[in-house]
1. When the residues of the range C:120-156 are narrowed to those that are over 14 Å from C:A61 (Cβ atoms) and touching a Ser or Thr at 6+ places or on another chain (Cβ under 8 Å), which ends up farthest from the other protein chains (Cβ to nearest Cβ)?
2. Looking only at the range C:206-215, filter to residues that are crowded, with 18+ Cβ neighbours inside 10 Å and either aliphatic (A, V, I, L, M) or facing chain B (nearest Cβ under 7 Å) (or both); which one of those is farthest from B:R21 (Cα to Cα)?
3. Condition (residue is part of a helix (DSSP H, G or I), touching a residue at least 40 places away in the same chain (Cβ under 8 Å), within 14 Å of chain C (Cβ to nearest Cβ) and surrounded by fewer than 17 Cβ atoms within 10 Å (Cβ to Cβ)) applied to the range A:105-126: is it met by at least one residue?
4. If you scan the range B:11-53, which residues turn out to be modelled with pLDDT under 75 and in a helix (DSSP H, G or I)?
5. Return yes when C:A131 is within 27 Å of A:T215 (Cβ to Cβ), assigned to a helix (DSSP H, G or I) and of a type in the set (A, V, I, L, M) and no when it is not.
6. Of the conditions (1) assigned to a loop (DSSP other than H, G, I, E, B); (2) touching a Cys at 6+ places or on another chain (Cβ under 9 Å), A:P179 clears all except one; give me its number.
7. Restricting to the range A:72-85, give me the number of residues that are buried (at least 20 other Cβ atoms within 10 Å of the Cβ) and of a type in the set (K, R).
8. Can you tell me which residues in the range C:74-116 are under 28 Å from C:R148 (Cα atoms) and either more than 20 Å from the chain's Cα centre (by Cα) or of a type in the set (F, W, Y) (or both)?
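The values are calculated or read from the model by the stated rules, or taken from the named source; none is laboratory data. Remember, predicted model here, so these are calculated numbers, not experimental data. Glycine gets a Cβ as well: all are built from the backbone with ideal geometry, and neighbour counts include every protein chain shown.
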Amino acid sequence: MRARESVRSLWWLIQKDLTRELRAQNAWPGMLLLGLVLVFLLATQINLPLEQKTRTVGGLLWLSIFFAGTLALERSFANERDTGCWQALNLYPVDSSLLFLAKMVVNIVSLAVLEIVLIPAFIVLTDVPLLARPGPMLLIAALGNICFASIGTLLSALTAGLRFRGGMLALLLLPLVTPVVLAAAEATRIVLAGEVDPELWQWVRLLAVFAVVFTIAGALLFEFVMEE
Amino acid sequence: METLLATYAIAALAVGAYAARLVIGTGRLSRRLRQLHTQVDRKPEQLPAKRIA
Amino acid sequence: MNGPPVDRCSHVTIAAGAVVACLVLTSLLMIFFIAPTESTMGDVQRIVYLHVSVAWCGLAAMVAMGCCGAMYLLRRRIEWDFWSQAASEVGWLCATLTLITGSAWAHEAWGTWWTWEPRLTSSLVLWIMYAGILLVRSSIEDPHRRGRVGAVLAIIGVADVPLVLMATRWFRGVHPIAPEMDPQMRLVLLVSVVSFTALFAYLIVLRRRQLELSELAAESESSASCASGMPRLSHSQLT
C-alpha cells in the first residue's frame, strides 16, 4: 500500500540521517559547543536582580538556540552535497515532500538535543527556574522546534549549493524567523512570570500557525529546491 | 521643517539616482544592440578577418 | 534580420513616464500646499504621506515578487524572473525609504531616531529580507538557477510577512486602529499612495525592460562573434 511504503521510506530516511549523525558526529558537537559558549557569554553579561533576569532569559535562550541550531541546519545538507549523496537522493523514487519531512524531523531532533543541553545550562548559570512549569515550556519548545526546523530545512537545502552558504543561511533565516523568536521569547517570559495569561495562548497560536504554514510551504516547495 | 525637507530630498535623490541608472543603462544597451544587429547583417566578405578562438 | 525591437516601445515608455511624472508632481504639490497643517506635530507631519506610500509599495513589491516567482516556477519562462528581479530591487529601495522616513518621523514625534515600535520593527525585518534575497540572487550565475532560488525565497518571504506584522504588533501590545484623519488629509494621502505606486511600478517596468535588453544583447554578442568568422549558427546550435 502506498501509504505504508511512504511511511517506511520516511522512517528509513530519518534513521539514515540520525545514525550517520550519531556515528560520524558531523554537526552535533559543533552545535552543542557553540550553544554552551553562547549561554556562558550571555549568562555572564546579565548580572541583574533575579526578577529582571527572569524577564530577559527567555529571549536569550531562544537566540542561543537559534544561532547554535543554524549550525546544525547548515550541516544537514552540506554533508550530502559534499559527498555526492545529493544526486542519489534526487534519484531515490520517493516524493520530494517526504525527503523534506524526513530532514525536518531530523532537524527537530537536533534542536531537541540542543535544548536538553542548553536549558539546564541556563538554569545552572543564571538561577532562573526555567523548568518551574515544564508543561507549557515543553509546548513552546516543541512548537518552536517545528517552526525553526520547517523553514530552516527548506532554506538550508536552498543555500547548500551557494557560495558562503553558512553566512547566507543565517542572513536569510534571521529575518524570516523573527516571529518565532519573538513569540517563543514572549511566551517563555509569560510562563516564567507564573501567571495564567490569555496572552500566552495568543503567542502559542502564532507559533502553531507559523509551524503549519511553513511545514506545508516547505513540503510543496522542496521539489523546486531539489532540482539540481 | 528641515527634517521634512531633508527627508523628501533624500527620497528624491534615491529614486532619481535609480531612475537615472535605469535610463542611462537602457540607452547604452539599445545602442549596443543596434550596433550588433548591423554587424551581423553585414556580408562575411565585408567583415575584417577574425581568428576563431 | 528584423531591425532591433527596441525602438518600438520607446514612445509608449516616454508617454507613460510623462504621466507618472505629472502624477508625482501633483501629489507633491498637494502634500506641501493643500494638505492642512496638523495641530500637534506641525509641518513635519507631512512626512506621513511619503512614509505610508513607500511602506505600502514595499509590501506590494514583495507580493509582486512572490507572484512572479510562482509564475516562473510554473511556466519556466525567464521573463517572469526579470519581473521578479525588478520588483526585488524596487522593493528594496522602497523598504530603505520606509526606514528613513519612519526614522525621521520617530525623531520628530518621540525625540529618538529609533524605537522598537511595530511598524519600524517590521520595516526593518522586511528590509533585511529584501537585502538577503538580492544578495543571494547576485551570487548565482546561472539565470535559471537564480530564477528558481529567487522564486522560492520570494514565496517564503510573502508567506512570512503577515506573521512578522502580527508578531511585532502583539509584541508592543499595539492593536491596529484607524487613526482619525481630516478628510482633506485623507484625500492627499490617497493621491500620494496612487502616484507613488505608479512611480515605482514604472521603475519596475523600466528595470524589467533593461534586463530583457541585457539578455538580448548577450545573445546577439554570441551570434555576432560567430558571424564575423564562421557561417552563422542558429541560436539553438549555440546553446
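1. C:L120
2. Top of the filtered list is C:L213.
3. No, there is no match, as no residue in the range A:105-126 is part of a helix (DSSP H, G or I), touching a residue at least 40 places away in the same chain (Cβ under 8 Å), within 14 Å of chain C (Cβ to nearest Cβ) and surrounded by fewer than 17 Cβ atoms within 10 Å (Cβ to Cβ).
4. Of all residues in the range B:11-53, those modelled with pLDDT under 75 come to B:39-53.
Matches in the range B:11-53: B:Q39, B:V40, B:D41, B:P44, B:E45, B:Q46.
5. yes
6. The one condition A:P179 does not meet is (1).
7. Adding up the residues that qualify gives 1.
8. Within the range C:74-116, C:L74, C:R75, C:R76, C:R77, C:W80, C:F82, C:W83, C:W92 meet the criteria.
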